[in-house]
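> Structure in structure tokens, see below.
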Amino acid sequence: MASDHEELSVAQRIAQAFPALSSAHRDVARFVLDHPLRAATLPVNELADLVGVSVATANRFARAVGYEGYAKFRAALVLGYEKALAPVEKLRGGRDQTATASGILDGALADIVRNIEATRRGLDGQTCAQAVEAIRRARRVYIVGLGSSSWPAGILARNLDVNREDVHLLATLEGPGFAARTLRRLTTDDLVIALATPRYFADTVRLAEIARKHGAAVLALTDGPHSPLVATATIALYVQTDCHYFAASDASLTALVEALASAFAHATVDLVPAATRVTEAVLPWLDRDYAAWPPQGGTDDLPDTPPPGTVP
């Protein structure tokens, strides 16, 4: 069985080892972090020349960050890019030029169903209970999701907000900087829910690490124990995200988010009063003719003016 250290990415290993690195090794580390794709393609002597260190120093750097030698270090860099480029390779090798639009739709929906069913089967009852209890006990809940995960993160924030206070979505136009400033207020009573599926945003992982350094619990919603979020998380729920045309399917993550919010709603003692308060709050903002749809009295109750966006 692989150790926890063996599961870390190159960037995570460098981050862990950086405080103890020599000045020359830090120069190599900075080059690798700034130019990871280039570093993955360079033999040791060319990397050493570019950084301005000896070949022996470059080899010792690889060992200092946990690899047997430069060859193993470079292989790990290449592997990281293989994962990032996997969706492109999948499209290149598996595209069926004769497929029809309806066939693609049917296949994509079938994939989504399989992903959601696999996600459902993979859920562990005890871990689910821990996740709901963590949301219930937390003083404040912060939700981090970047890139495609920002959409499920928004749904989770909206649905949790119905039944509890102090739910904060840390996805704004300002980006990760806003989230990092907000998380400096974290305490051990807070919970950070971090969402990430391939391709993983490094900023999401960094923000989760900041949360743990402040002593806050981290609930990861991700695609498996190999995810870079898992090393930081205190609780993790997994989704299956297989997809032929994108890096990951967002449907199963969205489904898990809704299921998690539903489980939390069920655990909320005053669920009915809370739902009533929300309904009363939003009712004035709904169109008076279409606040309830379809009309209770049938089509005879329809107004003369059709709903916006429909053809008269």
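> Tell me, what is the per residue accessible area of segment 8-64 in Å², probe radius 1.4 Å?
That works out to 51 Å² for each residue.
> When ligands, DNA and RNA are left out and all protein chains stay put, how many square angstrom of accessible area per residue does segment 97-225 have with a 1.4 Å probe?
52 Å²
> Summarise the accessible area of segment 159-202 (1.4 Å probe, protein heavy atoms) by the percent that is carbon and sulfur.
53 percent
> Please get the size of the charge dipole for segment 107-170, origin at its Cα centre, with Cβ charges of +1 on Lys and Arg and -1 on Asp and Glu, quoted in debye to the nearest 20.
120 debye
> Gain in length, H168 to R185, computed as 0.36 nm per residue apart minus the alpha-carbon separation, to one decimal in nm?
4.9 nm
> Just add up the charged neighbours of A62: K/R +1, D/E -1, any other residue whose Cβ is under 9 Å from the Cβ of A62. Display every interim value, and only then the final one.
Numbers: positive: R60, R63, K72, R74; negative: E68.
Net charge in that neighbourhood comes out at +3.
The values are calculated or read from the model by the stated rules, or taken from the named source; none is laboratory data. Since this is a predicted model, take the numbers as computed values, not measurements. Quick reminder, even Gly has a Cβ in these numbers, built from the backbone with ideal geometry, and neighbours come from all protein chains shown. Heads up: the accessible areas ignore ligands, DNA and RNA and are worked out on the full protein's heavy atoms, side chains in. Shrake-Rupley method; radii C 1.70, N 1.55, O 1.52, S 1.80 Å.
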